[in-house]
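The values are calculated or read from the model by the stated rules, or taken from the named source; none is laboratory data. Just so you know, these numbers come straight off a predicted model, no measurement behind them. Because the Cβ atoms are built from the backbone with ideal geometry, glycine has one as well, and the counts that use them run over all protein chains shown. Accessible surface is based on the protein model in full, side chains and every heavy atom, while ligands, DNA and RNA are left aside. Shrake-Rupley method; radii C 1.70, N 1.55, O 1.52, S 1.80 Å.
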Amino acid sequence: MQKMELEITGGTLCYEMTGETARVVEYGGLGLKVEIPACIEGNSVTEIGKKAFLSRKNLREVVIPDGVEEIGDWAFAHCDGLVWVSLPGRKIRFGKAVFKDCGRLEAIRVRNLEEKGMQACGKGHGRRETKSGVPKLLAAAVRWMDAYYLLDPQEAGGKEWTEKWDARLLSILLAPDQEGYSKQVLCGEEDYGSTDLDAFKSSRRKVKVRLAFLRLLYPIGLSKAFETELENYLRGHTKGKSGEEAWLVLKEEHGNDREYYELFAELGCVDEANCDGILSDIGEAYPEMKAYFMRIMEGKSCAEDFFADLEL
(Lines give C-alpha, C1' and ligand atoms only; values in the text may rest on other atoms or scores of the structure.)
Protein backbone atom coordinates (compact mmCIF):
# COMPACT_ATOMS: atom_id res chain seq x y z
CA MET A 1 0.00 0.00 0.00
CA GLN A 2 1.40 3.38 -1.02
CA LYS A 3 2.43 5.75 1.75
CA MET A 4 1.79 9.44 1.29
CA GLU A 5 2.92 12.48 3.24
CA LEU A 6 1.01 15.40 4.69
CA GLU A 7 2.70 18.49 6.09
CA ILE A 8 1.32 19.62 9.44
CA THR A 9 2.49 22.12 12.01
CA GLY A 10 5.79 20.87 13.39
CA GLY A 11 6.39 18.02 10.97
CA THR A 12 4.90 15.53 8.53
CA LEU A 13 2.45 12.65 8.77
CA CYS A 14 2.81 9.55 6.62
CA TYR A 15 -0.57 7.97 5.90
CA GLU A 16 -2.29 5.29 3.87
CA MET A 17 -5.77 5.28 2.35
CA THR A 18 -8.09 2.32 2.85
CA GLY A 19 -11.33 2.79 1.01
CA GLU A 20 -12.81 6.00 2.38
CA THR A 21 -10.68 6.18 5.52
CA ALA A 22 -7.12 7.21 6.32
CA ARG A 23 -4.56 5.52 8.55
CA VAL A 24 -1.66 7.45 10.10
CA VAL A 25 1.43 5.24 9.97
CA GLU A 26 4.32 7.53 10.93
CA TYR A 27 5.13 10.99 12.23
CA GLY A 28 8.31 12.85 11.42
CA GLY A 29 9.20 16.15 13.02
CA LEU A 30 10.22 18.03 16.13
CA GLY A 31 6.90 19.59 17.06
CA LEU A 32 5.97 19.96 20.71
CA LYS A 33 2.26 19.62 19.97
CA VAL A 34 0.65 17.52 17.25
CA GLU A 35 -3.00 17.78 16.31
CA ILE A 36 -3.78 14.85 14.07
CA PRO A 37 -6.23 16.04 11.42
CA ALA A 38 -9.76 14.65 11.44
CA CYS A 39 -9.71 14.23 7.65
CA ILE A 40 -7.07 13.74 4.98
CA GLU A 41 -8.05 14.28 1.35
CA GLY A 42 -11.66 14.30 2.49
CA ASN A 43 -11.36 10.89 4.17
CA SER A 44 -11.83 10.45 7.90
CA VAL A 45 -8.76 9.46 9.94
CA THR A 46 -9.84 6.30 11.77
CA GLU A 47 -6.58 4.66 12.82
CA ILE A 48 -3.20 5.51 14.34
CA GLY A 49 -0.88 2.73 13.25
CA LYS A 50 1.61 0.58 15.13
CA LYS A 51 4.65 2.59 16.33
CA ALA A 52 3.42 5.67 14.46
CA PHE A 53 4.87 8.10 17.03
CA LEU A 54 7.43 5.76 18.61
CA SER A 55 10.28 7.52 20.47
CA ARG A 56 9.36 11.08 19.44
CA LYS A 57 11.26 12.65 22.34
CA ASN A 58 10.20 16.26 21.68
CA LEU A 59 6.48 15.54 21.65
CA ARG A 60 4.67 17.12 24.61
CA GLU A 61 1.00 17.06 23.61
CA VAL A 62 -1.07 15.13 21.09
CA VAL A 63 -4.70 15.53 20.08
CA ILE A 64 -6.46 12.45 18.67
CA PRO A 65 -9.37 13.35 16.35
CA ASP A 66 -12.97 12.28 16.96
CA GLY A 67 -13.08 9.71 14.16
CA VAL A 68 -10.24 7.51 15.43
CA GLU A 69 -11.40 3.99 16.23
CA GLU A 70 -8.09 2.20 16.71
CA ILE A 71 -4.63 3.03 18.07
CA GLY A 72 -1.99 0.40 17.34
CA ASP A 73 0.68 -1.30 19.43
CA TRP A 74 3.33 1.03 20.90
CA ALA A 75 1.88 3.95 18.93
CA PHE A 76 3.25 6.52 21.42
CA ALA A 77 5.72 4.33 23.31
CA HIS A 78 8.99 5.87 24.54
CA CYS A 79 7.76 9.43 23.99
CA ASP A 80 9.75 10.60 27.00
CA GLY A 81 8.43 14.15 26.97
CA LEU A 82 4.74 13.40 26.39
CA VAL A 83 2.64 15.16 29.05
CA TRP A 84 -0.90 15.61 27.69
CA VAL A 85 -3.10 13.46 25.46
CA SER A 86 -6.58 14.40 24.26
CA LEU A 87 -8.93 11.57 23.22
CA PRO A 88 -12.45 11.53 21.81
CA GLY A 89 -15.15 10.25 24.15
CA ARG A 90 -15.84 7.11 22.13
CA LYS A 91 -14.91 3.44 22.09
CA ILE A 92 -11.34 3.00 20.86
CA ARG A 93 -9.44 -0.24 20.29
CA PHE A 94 -6.05 0.16 21.94
CA GLY A 95 -3.12 -2.06 21.05
CA LYS A 96 -0.36 -3.22 23.35
CA ALA A 97 1.60 -0.76 25.46
CA VAL A 98 0.39 2.31 23.58
CA PHE A 99 2.00 4.67 26.11
CA LYS A 100 4.82 2.43 27.33
CA ASP A 101 7.64 4.34 29.05
CA CYS A 102 5.97 7.74 28.72
CA GLY A 103 7.48 8.73 32.04
CA ARG A 104 6.11 12.29 32.14
CA LEU A 105 2.53 11.55 31.15
CA GLU A 106 0.31 13.60 33.49
CA ALA A 107 -3.15 13.63 31.94
CA ILE A 108 -5.24 11.85 29.33
CA ARG A 109 -8.18 14.13 28.62
CA VAL A 110 -11.42 12.66 27.31
CA ARG A 111 -13.37 15.26 25.40
CA ASN A 112 -17.09 15.53 26.22
CA LEU A 113 -16.63 13.66 29.48
CA GLU A 114 -14.85 16.27 31.58
CA GLU A 115 -18.06 18.18 32.38
CA LYS A 116 -19.64 14.91 33.47
CA GLY A 117 -16.70 14.31 35.77
CA MET A 118 -16.98 17.79 37.25
CA GLN A 119 -20.63 17.19 38.07
CA ALA A 120 -19.92 13.77 39.55
CA CYS A 121 -17.10 14.85 41.85
CA GLY A 122 -18.82 17.28 44.20
CA LYS A 123 -17.23 17.46 47.63
CA GLY A 124 -14.24 15.33 48.53
CA HIS A 125 -15.42 13.75 51.80
CA GLY A 126 -15.36 17.12 53.52
CA ARG A 127 -11.68 17.68 52.81
CA ARG A 128 -11.94 20.01 49.86
CA GLU A 129 -14.09 20.77 46.86
CA THR A 130 -12.61 18.67 44.09
CA LYS A 131 -12.32 19.06 40.37
CA SER A 132 -12.50 16.17 37.98
CA GLY A 133 -9.32 14.13 38.26
CA VAL A 134 -10.30 11.66 35.55
CA PRO A 135 -7.54 12.80 33.10
CA LYS A 136 -4.88 12.31 35.79
CA LEU A 137 -6.32 9.01 36.97
CA LEU A 138 -6.34 7.76 33.37
CA ALA A 139 -2.71 8.73 32.90
CA ALA A 140 -1.72 7.08 36.18
CA ALA A 141 -3.46 3.88 35.13
CA VAL A 142 -1.05 3.41 32.24
CA ARG A 143 2.02 5.17 33.66
CA TRP A 144 2.16 3.67 37.16
CA MET A 145 -0.41 0.87 37.34
CA ASP A 146 0.12 -1.07 34.10
CA ALA A 147 -3.66 -1.24 33.78
CA TYR A 148 -4.50 -0.63 30.13
CA TYR A 149 -7.94 -2.12 30.68
CA LEU A 150 -8.71 1.19 32.44
CA LEU A 151 -7.88 3.14 29.29
CA ASP A 152 -11.54 3.34 28.33
CA PRO A 153 -12.73 6.80 27.21
CA GLN A 154 -16.39 5.81 27.34
CA GLU A 155 -16.37 4.43 30.89
CA ALA A 156 -13.74 6.69 32.49
CA GLY A 157 -15.06 8.46 35.58
CA GLY A 158 -18.08 6.19 36.00
CA LYS A 159 -18.88 4.16 39.12
CA GLU A 160 -17.67 0.81 37.76
CA TRP A 161 -14.53 2.40 36.32
CA THR A 162 -13.54 4.05 39.61
CA GLU A 163 -14.18 0.78 41.44
CA LYS A 164 -11.83 -1.02 39.03
CA TRP A 165 -9.25 1.75 39.44
CA ASP A 166 -9.39 1.41 43.22
CA ALA A 167 -9.24 -2.38 43.05
CA ARG A 168 -6.05 -2.14 41.00
CA LEU A 169 -4.57 0.40 43.42
CA LEU A 170 -5.44 -1.85 46.37
CA SER A 171 -3.63 -4.77 44.73
CA ILE A 172 -0.56 -2.55 44.30
CA LEU A 173 -0.69 -1.40 47.93
CA LEU A 174 -0.97 -4.97 49.21
CA ALA A 175 1.80 -6.35 47.01
CA PRO A 176 5.09 -6.97 48.85
CA ASP A 177 7.60 -4.18 48.25
CA GLN A 178 10.15 -6.71 47.00
CA GLU A 179 7.80 -8.14 44.36
CA GLY A 180 9.59 -8.12 41.02
CA TYR A 181 13.04 -7.77 42.54
CA SER A 182 14.24 -11.17 41.33
CA LYS A 183 13.46 -10.15 37.75
CA GLN A 184 15.47 -6.97 38.16
CA VAL A 185 18.44 -8.93 39.52
CA LEU A 186 18.28 -11.39 36.64
CA CYS A 187 18.06 -8.63 34.03
CA GLY A 188 20.80 -6.59 35.68
CA GLU A 189 21.53 -2.89 36.04
CA GLU A 190 21.71 -2.25 32.31
CA ASP A 191 17.96 -2.73 31.91
CA TYR A 192 16.60 -1.80 35.33
CA GLY A 193 19.17 0.33 37.14
CA SER A 194 20.47 -0.53 40.60
CA THR A 195 19.99 -4.06 41.88
CA ASP A 196 20.12 -2.90 45.52
CA LEU A 197 17.14 -4.45 47.34
CA ASP A 198 16.53 -1.52 49.70
CA ALA A 199 16.55 0.94 46.79
CA PHE A 200 14.15 -1.30 44.87
CA LYS A 201 11.72 -1.52 47.79
CA SER A 202 11.85 2.24 48.33
CA SER A 203 11.12 2.80 44.64
CA ARG A 204 8.06 0.54 44.90
CA ARG A 205 6.83 2.41 47.96
CA LYS A 206 7.22 5.72 46.12
CA VAL A 207 4.87 4.46 43.41
CA LYS A 208 2.34 3.53 46.08
CA VAL A 209 2.71 6.96 47.67
CA ARG A 210 2.26 8.79 44.35
CA LEU A 211 -0.95 6.89 43.68
CA ALA A 212 -2.26 7.40 47.22
CA PHE A 213 -1.65 11.16 47.00
CA LEU A 214 -3.35 11.33 43.62
CA ARG A 215 -6.40 9.36 44.67
CA LEU A 216 -6.93 11.42 47.81
CA LEU A 217 -6.61 14.65 45.85
CA TYR A 218 -9.21 13.46 43.32
CA PRO A 219 -11.65 11.34 45.36
CA ILE A 220 -14.38 10.88 42.75
CA GLY A 221 -16.26 7.74 43.82
CA LEU A 222 -13.77 6.99 46.60
CA SER A 223 -15.20 4.94 49.47
CA LYS A 224 -14.64 6.14 53.02
CA ALA A 225 -12.96 2.86 53.99
CA PHE A 226 -10.43 3.03 51.16
CA GLU A 227 -9.86 6.72 51.80
CA THR A 228 -8.88 5.85 55.38
CA GLU A 229 -6.54 3.11 54.15
CA LEU A 230 -4.76 5.51 51.80
CA GLU A 231 -4.45 8.14 54.51
CA ASN A 232 -2.94 5.59 56.88
CA TYR A 233 -0.45 4.52 54.24
CA LEU A 234 0.81 8.08 53.81
CA ARG A 235 0.97 8.65 57.56
CA GLY A 236 2.94 5.43 57.88
CA HIS A 237 5.59 6.64 55.44
CA THR A 238 6.27 10.18 56.57
CA LYS A 239 9.47 11.65 58.00
CA GLY A 240 10.69 9.67 60.99
CA LYS A 241 9.08 6.36 59.98
CA SER A 242 11.07 3.32 58.87
CA GLY A 243 10.20 4.26 55.31
CA GLU A 244 9.91 8.00 54.58
CA GLU A 245 8.67 7.79 51.00
CA ALA A 246 5.60 10.02 51.50
CA TRP A 247 7.86 12.83 52.64
CA LEU A 248 10.48 12.10 49.96
CA VAL A 249 7.91 12.17 47.14
CA LEU A 250 6.46 15.43 48.47
CA LYS A 251 9.88 17.08 48.81
CA GLU A 252 11.37 15.78 45.55
CA GLU A 253 8.34 16.09 43.26
CA HIS A 254 5.74 18.46 44.76
CA GLY A 255 7.54 21.04 46.86
CA ASN A 256 5.77 23.87 45.05
CA ASP A 257 2.37 22.18 44.83
CA ARG A 258 0.17 23.71 47.50
CA GLU A 259 -2.55 21.04 47.25
CA TYR A 260 -0.01 18.32 47.97
CA TYR A 261 1.61 19.84 51.03
CA GLU A 262 -1.76 20.97 52.36
CA LEU A 263 -2.96 17.36 52.17
CA PHE A 264 0.27 16.13 53.75
CA ALA A 265 -0.27 18.47 56.70
CA GLU A 266 -4.01 17.77 56.99
CA LEU A 267 -3.29 14.07 57.36
CA GLY A 268 -1.04 14.73 60.32
CA CYS A 269 2.14 13.79 58.47
CA VAL A 270 3.83 16.82 60.09
CA ASP A 271 3.98 16.70 63.88
CA GLU A 272 6.17 17.76 66.79
CA ALA A 273 8.30 14.65 66.47
CA ASN A 274 9.33 15.16 62.85
CA CYS A 275 8.82 18.87 62.18
CA ASP A 276 12.42 19.91 62.87
CA GLY A 277 13.70 17.21 60.52
CA ILE A 278 11.25 18.22 57.81
CA LEU A 279 12.15 21.90 58.07
CA SER A 280 15.84 21.01 57.95
CA ASP A 281 15.30 18.88 54.84
CA ILE A 282 13.45 21.71 53.08
CA GLY A 283 16.23 24.20 53.74
CA GLU A 284 15.77 27.14 51.40
CA ALA A 285 14.33 25.10 48.53
CA TYR A 286 10.59 25.64 49.10
CA PRO A 287 9.97 28.73 51.26
CA GLU A 288 6.16 28.69 50.98
CA MET A 289 5.89 25.05 52.05
CA LYS A 290 8.37 25.66 54.87
CA ALA A 291 6.47 28.70 56.14
CA TYR A 292 3.18 26.81 55.89
CA PHE A 293 4.47 23.97 58.06
CA MET A 294 5.95 26.44 60.55
CA ARG A 295 2.60 28.19 60.85
CA ILE A 296 0.84 24.89 61.50
CA MET A 297 3.26 23.94 64.25
CA GLU A 298 2.67 27.33 65.82
CA GLY A 299 -1.05 26.55 65.92
CA LYS A 300 -1.94 28.90 63.05
CA SER A 301 -3.30 26.34 60.65
CA CYS A 302 -5.57 28.54 58.59
CA ALA A 303 -4.15 28.16 55.09
CA GLU A 304 -6.28 31.00 53.73
CA ASP A 305 -4.86 33.47 56.23
CA PHE A 306 -1.35 32.26 55.50
CA PHE A 307 -1.56 32.72 51.75
CA ALA A 308 -3.36 36.03 52.19
CA ASP A 309 -0.35 37.19 54.25
CA LEU A 310 2.00 36.17 51.44
CA GLU A 311 0.18 38.43 49.01
CA LEU A 312 0.60 41.54 51.17
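Things worth noting here:
- Residues in the stretch 239-270 that a label on residue 280 would reach, taking backbone N under 14 Å of a point 7 Å out along Cα→Cβ: 239-241
- Projecting the Cα atoms of 207, 89, 232 onto the dipole axis of the chain, where Lys and Arg carry +1 and Asp and Glu carry -1 at the beta carbon, places 89 farthest toward the positive end.
- Beta bridges per DSSP with both ends in the stretch 33-113, % antiparallel, nearest 5: 10 percent
- Listed cross-link partners 50/164; 51/91; 50/201; 91/208; 33/96 are compared with a 32 Å cut-off, the Cα-Cα value being larger for 50/201.
- Carbon + sulfur, % of accessible area of the chain - ligands and nucleic acids excluded, 1.4 Å: 47 percent
- Kirkwood analysis of the chain, using all unique Cα-Cα pairs, places the hydrodynamic radius at 21.5 Å.
- Whole-number accessible area per residue in Å² for the chain, which is evaluated in the context of all protein chains at 1.4 Å: 50 Å²
- Of the GluC sites (Glu not before Pro) in the stretch 1-88, the ones in a loop by DSSP (not H, G, I, E or B) with at most 14 other beta carbons within 10 Å are 20, 41.
- Normalised radius of gyration (Cα atoms, divided by 2.2 N^0.38 Å) for the stretch 51-98: 1.09.
- Residue 66 versus residue 30: modelled label distance in nm, points set 7 Å from Cα along the beta carbon direction: 3.5 nm
- Karplus-derived HN-Hα couplings along the stretch 255-270 (A = 6.51, B = -1.76, C = 1.60, θ = phi - 60°), whole Hz, x at Gly and Pro: x, 9, 9, 4, 5, 6, 6, 5, 4, 4, 6, 4, 7, x, 6, 10
- Cα→Cβ-extended label distance, 7 Å offset, between residue 273 and residue 242, nm: 1.4 nm
- Fraction of alpha-carbon pairs over 18 Å apart in the stretch 249-294 - percent: 13 percent
- Helical contribution to [θ] at 222 nm, DSSP H n ≥ 4, -39,500 (n - 2.57), averaged over the chain, rounded to 500: -12000 deg cm²/dmol
- In this rough spin-label picture, where each label sits 7 Å from Cα along the Cβ direction, the residue 96-residue 198 distance is 3.8 nm.
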